[in-house]
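Heads up: the structure comes next, in structure tokens.
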Amino acid sequence: VKADQRGSFRFFETTLDASLREKRMLHKELIEAVEAEQFEPFFQPQVTASGEVVGFEVLGRWRHPNRGLVMPARFIALAEETGLISGIDEQILRAACREAASWDRPLSIAVNLSPIDFRRGDVASMILSILFETGLSPGRLNVEITEGVLMQDDGRAMSQLRRIRDLGAHLAMDDFGSGYSSLSYLQAFPFDKIKIDGTFVAQLGSNPQSRAIVRAIIGLGHSLGLSVIAEGVETNAQFELLVALGCDEFQGYLIGHPAPAAAYRDLTSAESAT
Ligand code: C2E
Ligand code: CA
Ligand code: CA
Ligand code: CA
């Protein structure tokens, strides 16, 4: 019995060690990756009800020399925990702004910023210097933030959001409806747009409650003068329902997957008059 106990204790200790070691290794690799600028923007199209492309959401990818393309789910949490996210977001923002500034058509880009960016640094100044450096017109930049940014009610987030808007960039509230206090934040912060969380869109066809919630979100957004975009649109049925409910913009695999800018050259270059 004693030997068994010791054995299982050792086993436990070993697996704990293994996951800790893996985390430390990932942390070390993340530091090197920021240094080596291995983060890049992918672009996913956003369209109107008539199918016209108005912009792209920017989704970060880690181009790892051996692991290949690493998705945000693998590295964002640790990057936030270690503060490395600020450097990563800055890298992705700079590359996305530079890319968009090179397009013939003045399409918008929507970048995701982490709550940690707002807690640790001066995000508005960072955005201003990147806009200046890349020459992207501020009106083409949307900044997507989640409730997590707004929950730090020390007034810092508010003042940075105001400054971002004063630059001429737009603010979108991401994952709308999935949090706890989205409504009070809508009243308190200067948003231009809300993005309906993908979980509601996914259940649109099968769940009457989801349809009621989506209808209410769109009505609420419009009555506050905000534009409403739906994410995670995968089927024609979802798209048509959202159009019928008055949603303004749409994004999802049905329209296009996130991909390097080169994949959407036909949409961003002048030759695409269609
Ligand atoms: P999010 O901002 O809610 O982004 C939407 C996620 O849904 C993206 O996952 C996107 O690739 C995926 N998606 C797009 N269309 C569809 C669809 O039709 N169906 C389904 N099921 N999914 C769809 P991704 O790229 O893996 O990003 C995951 C999350 O990581 C994002 O959620 C965002 O919170 C975070 N993230 C991504 N890029 C960045 C970044 O550059 N900086 C920061 N701070 N966070 C980022
Ligand atoms: Ca987003
Ligand atoms: Ca989402
Ligand atoms: Ca999210």
inquiry  = Relative contact order for the stretch 21-85: what percent, with Cα pairs under 8 Å and sequence separation of 6 or more?
reply    = 27
task = When you have a sec, figure out the Kirkwood radius of the chain from all distinct Cα pair distances and drop it here in Å to one decimal?
result = 20.2
task = Summarise the accessible area of the chain (1.4 Å probe, protein heavy atoms) by the percent that is carbon and sulfur.
result = 55
remark   = Counting only protein heavy atoms and rolling a 1.4 Å probe, one gets per residue an accessible area for the chain in Å² of 50
ask   = Where both partners of a DSSP beta bridge lie in the chain, what percent of those bridges are antiparallel, to the nearest 5?
value = 45
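Explain nothing, just the number: dipole magnitude of the chain about its Cα centre with +1 on each Lys and Arg Cβ and -1 on each Asp and Glu Cβ, in debye rounded to the nearest 20.
About 540 debye.
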ask   = So for the pair LEU254, SER269, with labels modelled 7 Å out along Cα→Cβ, what separation do we get in nm?
value = 2.9
query = So how strong a dipole does the stretch 1-137 carry about its Cα centre when Lys and Arg Cβ are +1 and Asp and Glu Cβ are -1, to the nearest 20 debye?
reply = 620
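Remind me, relative contact order of the stretch 1-131 in percent, using alpha carbon pairs under 8 angstrom and six or more residues apart?
22
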note = With the 8 Å Cα cutoff and a minimum separation of six or more residues, the chain has a relative contact order in percent of 17
remark   = Protection proxy (average C-beta count within 10 Å per residue), highest first, orders 203-211, 75-83 as 75-83, 203-211
remark   = the stretch 61-97 and the stretch 103-137 have their Cα centres apart by a whole-number Å value of 16
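The values are calculated or read from the model by the stated rules, or taken from the named source; none is laboratory data. Please read all numbers here as calculations on a predicted model, not as lab measurements. Using ideal geometry, Cβ is built from the backbone for each residue, glycine included, and neighbour counts are taken over all protein chains shown. Remember, those area values only see protein heavy atoms, side chains included, never the ligands or the DNA or RNA. Shrake-Rupley method; radii C 1.70, N 1.55, O 1.52, S 1.80 Å.
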